[in-house]
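Written below as structure tokens is the structure these notes are about.
The values are calculated or read from the model by the stated rules, or taken from the named source; none is laboratory data. All of these numbers come straight from a predicted model, not from anything done at the bench. Every residue, glycine as well, gets a Cβ built from its backbone with ideal geometry; the counts of neighbours run over all protein chains shown.
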Amino acid sequence: MVEVAVAVTGLRRRFGRKEALQELTFEIPAGGVHALVGRNGAGKSTLFRILLGFLAPSAGRSAVLGAPSGALPPQIRGRIGWVTEEHALPPWMAVGTLAALQRAHYPRWREATFREVLAPFAVDSRQAVGGLSRGERAGLSLALALAQGPELLLLDEPTLGLDVVAKHAFLDALLFAGEHQECTVVYASHQMDEVERLADHLWVLKEGRLVSASSPEALWERIGGWLVELPHPPDRARIPGLLQARALEGRWEVIVLDPPEAFPKLLDEVGGTAVEPLSLGFDRAINAFLSVGSTVGGAL
Amino acid sequence: MIQIATGDPRPIFRQIVDGVRMQVATGELAPGSRLPSVRGLAMQLRINGNTVAKAYNELTAEGVIESRKGVGVFVCEPRQRLSVEERERRLEEAVQHFVSAVVALGFGPEAILERLAKEMEGLILPSAKEEASDG
Amino acid sequence: MKALLLGEWHRLGRLALGFALLHLGVLAGMAFYGDLFVPSPTKVRLGLAAYGLGGLLLGVAQFAVYRRRNLWSFLLHRPLAPGKIFLALAAAGGLVLALVIALPLLLVTLLLDGFSAQWVDGRQYLMVPFLWGLAMAFYVGGCYLALRARWSAALVLVLLLPCLNGAVPDAWVFVPLVLGLVWLGGLALTAFQPDLSASPRGIRATVLEALPTQCALFPAVAFVLVLVYSVAVIHWEAGWRGFAVFGWNDYFPIGSYERAAYLDHRELVAHALRLGDSPRGPGLAVVVAGAEDGVEGGADERVALWPEIGAAPVRHALLFQERGESLLGPDGATRWVFSHDRMQFHGRNTRTGAAVGWLEPPLAEVPVVAADGSMVAGGALYQAEFGAGRVERLWQAPSGERLMGPAVPFDGGEAILSDGALYLSDDSGWSGSPTALPLPGAVENLERAVVVKLPESRLITFFLGQLSERDAYPARLVVLELAETGAVTTITDRALVAGAPAWVRHRGFLVSPLLQALVDFVWRDPMAPRWRQIPNGVWAAALGLALVSMFLTAGLARRRGPGTAFWLWTAMGFFCGLPAFVSLLLLRPRSEP
């Protein structure tokens, strides 16, 4: 059992002019559910592909379960489960054949887990994978990954495009499949309601950089919201740490990172009034954190 | 039934804590009744088990529930654990919070008190007389 | 691994069965309506192309699916080394090809051998694994193509060209096939990695990929040089003449090889006569040049012979020879096919297909046949007597000489070429002693020999220079006059100079001495000169060009950062010349890492 599930040092990846990952350095310890959060294009998929050796970094190194990504030995690969967004599986294969193929390759295969995870998706083993709906494929993909008995499970936006029922089934399976396995889960998503339910740790990627690594509550507590009245549109010069501002009937809803204790006093000094504090849900707070620089209804 | 909602301004574990406290106070959860296990509640609510564990830990520290090894998690007899000073401080804090929230609404003091009395009516409050031995 | 193989087999199985039945149908049709084992050279080429293309398409289709549908992660992210995954998939492909190609062929061959009157040589059975191996080699090439996903990757298929050489006996034909298959397999293995966009790393992988690409580009670069010469030099000096290169012989001076090379037979003889020292030459030239066939006083018979080098049949060779090996009996009633196992002709009735018998006795070598039943084998001339069921020997060349082509009718008798002399028989046939005219040079250097009948004598013109382009052999024009008495007079004996400059004639060497030597070795080219025959100027130019391409290649390779690859490419830029530079352009990764 390794102590560090994922280790990344100085990782960069450039596509033409675009820097998908910039100087990433962090370590994900073994155990628990780690949410990797960021908007589309923040670099989450790129990071996964680099971690598993399917893409070479422009600079830096990475390692999973102690093995370097560029040269992952087959035994280590056998201990990592990977569920991608598209859930790409050979469309010509029957579900039963696919399961048999995977069973033959993974020594720690658990048939009971496979059936248990797949059960709510009502998939017949003679159906061809190509004929499954997206939700069914997602369930199948997760069932295959979980039945392997992985030590590290990487999930890349797995519930994207799934309806509510499929989403619930997926999350149930993810949280409670089989007996408790010693598994580190890295869950990349920008669906904050799922992150709120699942995550023990929160890793935030923004434009290819790691901008926060903490428990979800720790980051959440740093973000405060206020309904204010201001003579001019809010900007970062006057309100330091401003994340997001939204115009609302002549007033402004501002969301601020690390607001000082005496925030109303600060507002006074720039000619504004704090009307009342906003109570921010997790998704609103974290999305505001992710979207620094955006504003609705006014300039920033 | 304990319920949680994502998007709520309170963290999920806090919602559980508040929810259990409320159910105990309204009598829905009688003392000695059994709570779902950590895993069971996590499955029911579709959340990470650690969150439930955190909530249960806080409730246990407050003395609301207790865990009996091998048997389960049960509601405790209502018992006061906090010291007089601590209780006073918390009451003061809650009153201040309440007052600042309703002061601008325009209701008269009688109406407000009446509402408060109505809410408190059905609740079973831990006895103020019994105090924890070590505060 | 077995599970993967079975999975792929299930995927491809149904389609494979369909194609196998189709193939079987085509073969059955060919066997029924014609002679399956004696196809025309066109059919041979079409067949080889079909099998090769089939293998290639299978490889591309099978692996392109895994690339395109983002199934790559599914395929490679498993506890099995990439090499083993590839082997499992390729084994499935091999099984498919065995079902589609080898099985129908084997079936048809067995049925024909066992149930029809047709005689089947051992080498026909050898065709089964050969064709399967050929398709397999192209299949692996297709895998590599699909993995690299760029058009320039197809250049490595040049590795399979040596397989298509017909003149190789028996199992030797498998040597280039296995070498090509192993090389392409190595290439495919290096490309079969999780990170598909990375180019092969390491010395071995780079060389595996770069060398065949450069060999494929080598003739193209050499051709560009010729084009430069043709367009720039010739057209600049002599006006626009289109894109042909050495065809415009009147640009070249009289007395040069190129001036004579593209003349037709009559013009060649006239030209040769004018070049000679003898005073009779010009007069004869007028007669020959002006005469039309059949006019009195003119040349009323004229025939050309050339040595059929490379078209001579090889015993037990798998791929069929240029000339085919079948004779048609009188009235087309019987067809006679030569068997390499028994070295005899086997006849079958063309209508009923029933066996007619064998022609006795067996021959020592595989014959070159002419349509009327005359044939040449080794040093002897034969005539097939279908009625008697025999092959009669008409004439044997003097000791040690080999006959280089069939006998050609001339002036009531026949003319035939051996590797030592030209022989003319009179109207009494070959039983008398034919006139011998010794060749003035090596037979492989002989472009053609032209025999012209004049009213009172015969003119024999020898034009040597087939292998003179790169100075391996000298070019020469010789005209002999054979009087009716049998006296031989030399009218012309003139050495021809090279008309095109040395840098064009040695263009391959100029581009890269190493690649030229490699190509000469693989194709066993008799035109390859000794290196000390190459003029110093060409050596100097080659060195200069090598340095230029080395700097160009180094400059391009530097962009990828220094390391092993950089020095390797710089070395290749020097030793392999401009093809190395072009191959680096084509092979380096599209998006920089």
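Could you please let me know if B:Phe74 is over 25 Å from A:Ser215 (Cα atoms), of a type in the set (Phe, Trp, Tyr) and touching a Lys or Arg at 6+ places or on another chain (Cβ under 9 Å)?
Considered against the rule, which asks whether it is over 25 Å from A:Ser215 (Cα atoms), of a type in the set (Phe, Trp, Tyr) and touching a Lys or Arg at 6+ places or on another chain (Cβ under 9 Å), B:Phe74 comes out as yes.
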**Prompt:** Which of the following residues is at the interface with chain C (Cβ under 8 Å from one of its Cβ atoms) and either touching a Pro at 6+ places or on another chain (Cβ under 8 Å) or not aliphatic (A, V, I, L, M) (or both): A:Trp109, A:Trp82?
**Reply:** A:Trp82
**Asked** Does A:Glu3 qualify as being within 14 Å of chain C (Cβ to nearest Cβ) and surrounded by fewer than 18 Cβ atoms within 10 Å (Cβ to Cβ)?
**Response** no
**Request:** Could you tell me which numbered condition C:His235 fails, if it satisfies all but one of (1) surrounded by fewer than 19 Cβ atoms within 10 Å (Cβ to Cβ); (2) outside any helix (DSSP H, G or I)?
**Result:** (2)
**Message:** Can you tell me which residue is surrounded by the fewest Cβ atoms within 10 Å (Cβ to Cβ) among those in region A:187-210 that are in contact with a Phe, Trp or Tyr (Cβ under 8 Å, 6 or more places away or on another chain) and more than 13 Å from chain B (Cβ to nearest Cβ)?
**Reply:** A:Val204
**Prompt:** Within the set of pairs 6 or more residues apart or between chains, which connect a residue that is more than 7 Å from every other protein chain (Cβ to nearest Cβ) inside region C:66-77 to a residue that is of a type in the set (Lys, Arg) with Cβ atoms less than 9 Å apart?
**Reply:** C:Leu76/A:Arg77
**Prompt:** What about C:Ala210, is it more than 14 Å from chain A (Cβ to nearest Cβ) and small (Gly, Ala, Ser)?
**Reply:** yes
**Request:** Inspect region C:476-485 for any residue being among the β-branched types (Val, Ile, Thr) and over 15 Å from C:Leu422 (Cα atoms) and give the result as yes or no.
**Result:** yes
**Residue list for region A:35-52, filter: in a loop (DSSP other than H, G, I, E, B) and of a type in the set (A, V, I, L, M)** = A:Ala42, A:Leu52
**Prompt:** Among (1) farther than 24 Å from C:Leu56 by Cα; (2) part of a loop (DSSP other than H, G, I, E, B); (3) modelled with pLDDT of 90 or more, which single condition is C:Arg201 missing?
**Reply:** (3)
**Prompt:** Only one residue in A:Gly53, A:Gly78, A:Gly32 is assigned by TED's automatic domain parsing to the domain that holds A:Leu146, closer than 22 Å to A:Gly149 by Cα and under 17 Å from the mean Cα position of the chain (by Cα). Which one?
**Reply:** A:Gly32
**Pick from region C:443-475, criterion in a strand (DSSP E or B) and of a type in the set (Ser, Thr, Tyr), ranking: nearest to C:Glu308 (Cα to Cα)** = C:Thr461
**Item:** Members of region B:13-51 found to be among the polar types (S, T, N, Q), in a loop (DSSP other than H, G, I, E, B) and under 22 Å from A:Phe176 (Cα atoms), listed by number
**Value:** B:Ser37, B:Asn48
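Table: residues versus (1) within 11 Å of chain A (Cβ to nearest Cβ); (2) of a type in the set (A, V, I, L, M, F, W, C).
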position	(1), (2)
B:Thr6	yes, no
B:Phe13	yes, yes
B:Ala30	no, yes
B:Arg34	no, no
B:Ser37	no, no
B:Arg46	yes, no
B:Leu59	no, yes
B:Lys69	no, no
**Request:** Looking for whichever is under 25 Å from A:Ala199 (Cβ atoms) and more than 14 Å from chain A (Cβ to nearest Cβ) here; the options are B:Val20, B:Val64. Which one fits?
**Result:** B:Val20
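Only one of C:Leu57, C:Leu95, C:Leu76 is surrounded by fewer than 19 Cβ atoms within 10 Å (Cβ to Cβ), at negative phi and over 26 Å from the mean Cα position of the chain (by Cα). Can you tell me which?
C:Leu95
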**Prompt:** Can you name the residue in region A:24-33 that is at pLDDT 90 or above and assigned to a strand (DSSP E or B) and is also nearest to the other protein chains (Cβ to nearest Cβ) among such residues?
**Reply:** A:Val33
**Item:** Pairs with Cβ under 9 Å, 6+ apart, first in region A:99-123 and within 17 Å of A:Gly81 (Cβ to Cβ) and in the same structural domain as A:Val164 (by TED's automatic domain parsing), second in a helix (DSSP H, G or I) and β-branched (Val, Ile, Thr)
**Value:** A:Leu118/A:Val95
**Complete:** C:Leu53 meets each of (1) more than 14 Å from chain A (Cβ to nearest Cβ); (2) touching a Ser or Thr at 6+ places or on another chain (Cβ under 8 Å) with one exception, condition (2)
**Item:** Meets criteria (crowded, with 20+ Cβ neighbours inside 10 Å, under 30 Å from A:Glu23 (Cβ atoms) and either at pLDDT 85 or above or within 14 Å of chain B (Cβ to nearest Cβ) (or both)) for A:Ala285
**Value:** yes
**Request:** Would you confirm whether any residue within region A:152-174 is touching a His at 6+ places or on another chain (Cβ under 8 Å) and among the polar types (S, T, N, Q)?
**Result:** no
**Complete:** Within region A:212-229, the residues that are more than 12 Å from chain B (Cβ to nearest Cβ) and at pLDDT 90 or above are A:Ser212, A:Ala213, A:Ser214, A:Arg222
**Message:** With the structure loaded, tell me whether A:Arg77 is under 18 Å from A:Val204 (Cα atoms), within 12 Å of chain C (Cβ to nearest Cβ) and free of Cβ contacts under 8 Å to residues at least 40 places away in the same chain or whether it fails that test.
**Reply:** no
**Residues of region C:353-366 satisfying the condition of being closer than 28 Å to C:Phe32 by Cβ and without any contact (Cβ under 8 Å) to a residue 60 or more places away in the chain** = C:Val356, C:Gly357, C:Trp358, C:Leu359, C:Val366
**Request:** Scan (1) part of a loop (DSSP other than H, G, I, E, B); (2) in contact (Cβ under 8 Å) with a residue 24 or more places away in the chain; (3) more than 22 Å from C:Arg532 (Cα to Cα) for the single condition C:Val478 breaks and write down its number.
**Result:** (1)
**Asked** Got a number for residues in region B:20-33 being crowded, with 17+ Cβ neighbours inside 10 Å and within 11 Å of the chain's Cα centre (by Cα)?
**Response** 4
